[in-house]
Amino acid sequence: MNTLSYDIPAQDVDSSFIVGNGRIGACIYGSVEHNYIKIMEESVWNSVGKDRNNASCADNLKHIHELISKSDKKDSILQKEASDLITDSMSGVPLHCSALRQYACSLSIDYYSADEYRCFENVSAYKRTLDFETAIASLSFSSESSVPSTAIFSRNTDGSSVMYSREAMASAPADVIAFHVSASIPKQINFRVRFDSNDVESGTVFRQFSLGDDVIAIENVNGIPFCAMAMVSCSGGKVYIRGGSLIVEGADDATLYIDVETAFRNRHYARKCGNVLSAPSRIADWCSDKALKKLCFALYQPYQEFRTEHIMDFSRLYNKTSLSFADGSDTEWNYARYIILSFCKSPGTLPALQKGSYLLKKGMTSLYAPICMNGMKKMFLPLISLLCRACRKGRKTAAVMYNCNGYVIHNALDIWGDSVSSGTDNSDFTWIMGAAVLAPYVREYYEYTLDKKFLKKYFYLLKEACDFYIDFLKLYPNSPFLNKSIIANLFSATLRSVKDLCLDDTKSDIVLLKNIFSLLSDSSDMEENDPIYECKDKILCKALMLSEKTRKIVFSELIDDTVGSCVVINLLPEISQLKVDGFIKGVCLKGNLTMDIEWKDDCMISAKVYADSALEVVRNICICYKGKEYKAEVEGKSLDIKNVLPSTM
């Protein structure tokens, strides 16, 4: 199923429907008389960039390791000394993460009928729906009206009842949010809109103002300056400003367009990490000019044309992959894919996040596991852009705090790529595996797309991450701060990229990398990867679920075989755990391949692998099915897997 429907209103953000275009989004909740639109913009963060490197770390790191090696569970004095030294020397200055993402603001909408602000009476047929394929959240209900239902006035009406409908969408082509209100009888639309200034989490509103008779806006200069603006367009009736409220009366239908623009979109501001000489109020004015321009472009496009353009854009991405379960239980899978698309697609330029900071140690990267498999490969790029910013800052952190080459990233990142640790726990301060977790995603993107230009451009992210861990291992080979399993994965991704880029593997640094990787691979004390944190972020939870279910149906690996690169396709590896028949179409495999699969009673009914002749693909495949391997080659545009497996299968 591609919809969610409820017959009761959403009372809070947790039960609300979410719409988003990757950059800007909204949670819509409330009753028939009141709607609240909680607005999100990916670059609304509460602080500018800061240099939080702790220079005392390098001087005390050796002593910290000595204390840890000498102490044991019974030696509480040495444990306390080591703990205090870690807190003082390895934490950031200031201690907490320099910036956190927050909601931008809220819009409050109060509705009333045409009869002296009378509320809706005898409401019936209430239904709110979220359509995953069109990315539209809609609400409809019926209410009694004193307006006579004549042939002139009636439009889908029955007696004296009026059908009201509201729908919200976050358009990527227009890059704004639209909220449309209509009724089955003309002149029934009456509402009041205002920004809820008490709901701005990043501080008090700096300035609230209106433009003409149809625009209200607020500016905020706490953290990254931004402007939130709303503009209304209606058929019939009148629009005017009263105080800080935008009022619509007696309209046939009305559309509210909303935008939030931040100073992060200003190149000079972003390059300087917000540390500029310009007054914040002046920067906020720049944001308001940009928001007004976008809203004006959206306003002069007919609403139905605006709506159609939005649907075509979103459905094109959503329909790249489809899944159906025979019992109709695929709604959760489709909803997860919808959420990821809404938070990750272009025009977004930052990794998806609802609130807080990017917690690398606590599951943030799990968002990217299902993205490539589900036809969303381009949505890797915001993560790579953030990693580039973190690399620039991480080089200084590696040099100042650890006396090492390369770059280091700790347990969390903010919008500016702050590479220093965040948190209050010693395990956060000593977790230096961020670069080893993030950098292999450069390789992951390449294995799905085979884009060598991309791999060549960002290879330095892999190589410089390796440089740090090589230097650190030289200084502290038995450091408890290192996870050798994660480091081995980084080294493996780097060495395979060296081979694919045909780089000189006889250079001293590559030879050293090979030797250390060999030692790590042979080590008997290899740790398991850090356990995934039980995340509470809605986006990450959906991503984890999507990844888990998709991998039970199919997942792929790109390996080096005797004939060159080969794609290993694990077909229905854990299908019995789903306990349902179904099919999946358009799932992406490594090597630039796609696949359709249908199964019944835990057995494959049909499966095809597709290769786009216009793209570079890996044509050698190995099918792993029911514990056996079958090698084949994709010739032409497709390969029927039934022709590869024995007839008895």
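The values are calculated or read from the model by the stated rules, or taken from the named source; none is laboratory data. Everything quoted here is computed from the prediction, not taken from an experiment. Every residue, glycine as well, gets a Cβ built from its backbone with ideal geometry; the counts of neighbours run over all protein chains shown. The accessibility values were calculated without ligands, DNA or RNA, using every heavy atom of the protein model including side chains. Shrake-Rupley method; radii C 1.70, N 1.55, O 1.52, S 1.80 Å.
Observations, loosely collected:
- Within the chain: Cβ-based charge dipole about Cα centre, in debye rounded to nearest 20 (Lys, Arg +1; Asp, Glu -1): 1520 debye
- Taking each DSSP H run with n ≥ 4 as -39500 (n - 2.57) and averaging over every residue of the chain yields -10000 deg cm²/dmol at 222 nm.
- By accessible area, using a 1.4 Å probe on protein heavy atoms only, the stretch 206-329 has 51% of its surface on carbon and sulfur.
- Remark: spin-label model distance Met1-Lys187 equals 4.1 nm, labels positioned 7 Å along the Cα→Cβ axis.
- If you sort the three axes of the alpha carbon gyration tensor as a ≥ b ≥ c, you get a/c of 1.5 or more for the stretch 382-424 and a/b no higher than b/c, which makes it oblate.
- Percent accessible area from carbon and sulfur atoms, the stretch 5-49, protein chains only, probe 1.4 Å: 50 percent
- Calculated FRET efficiency, Asn122 to Asp252, Cβ-Cβ distance, R0 = 22 Å: about 0.45 to the nearest 0.05.
- Only protein heavy atoms count here; under a 1.4 Å probe, His268 has an accessible surface of about 90 Å².
- Label-point separation in nm, Ser647 to Met545, each point 7 Å along Cα→Cβ: 4.4 nm
- Nearest-ten-degree value, helix 303-318 long axis tilted from longest Cα axis of the chain: 20 degrees
- For the chain, the relative contact order is 13 percent, taking Cα pairs closer than 8 Å that sit 6 or more residues apart in sequence and dividing their mean separation by the residue count.
- In the chain, the DSSP beta bridges split such that about 95 percent are antiparallel, to the nearest 5.
- Accessible surface of Leu512, taken over heavy atoms with a 1.4 Å probe and every protein chain present, rounds to 60 Å².
- Quotient of Cα Rg and 2.2 N^0.38 Å for the stretch 406-520, N being how many residues it contains: 1.08
- Using all pairs of distinct alpha-carbon atoms, the Kirkwood hydrodynamic radius of the stretch 25-71 works out to 16.0 angstrom.
- Shape of the stretch 293-393, Cα gyration tensor, a/c cut at 1.5: oblate
- Per residue, the stretch 245-317 exposes 49 Å² of accessible surface when a 1.4 Å probe is rolled over the protein heavy atoms with every protein chain present.
- Anisotropy class assigned to the chain is oblate, per the alpha carbon gyration tensor with a/c at or over the 1.5 cut-off and a/b no larger than b/c.
- Dipole of the stretch 395-478 [Lys/Arg +1, Asp/Glu -1 at C-beta], most positive-end residue of Ser427, Phe459, Tyr469: Phe459
- Using a cut-off of 21 Å between Cα atoms, the listed pairs Lys552/Lys579; Lys453/Lys637; Lys320/Lys457 include Lys453/Lys637; Lys320/Lys457 as exceeding that distance.
- Virtual spin-label span in nm between Leu277 and Arg392, 7 Å along Cα→Cβ: 2.0 nm
- Summarised in one figure, the compactness ratio Rg/Rh of the stretch 300-350, Cα atoms and Kirkwood Rh, is 1.08.
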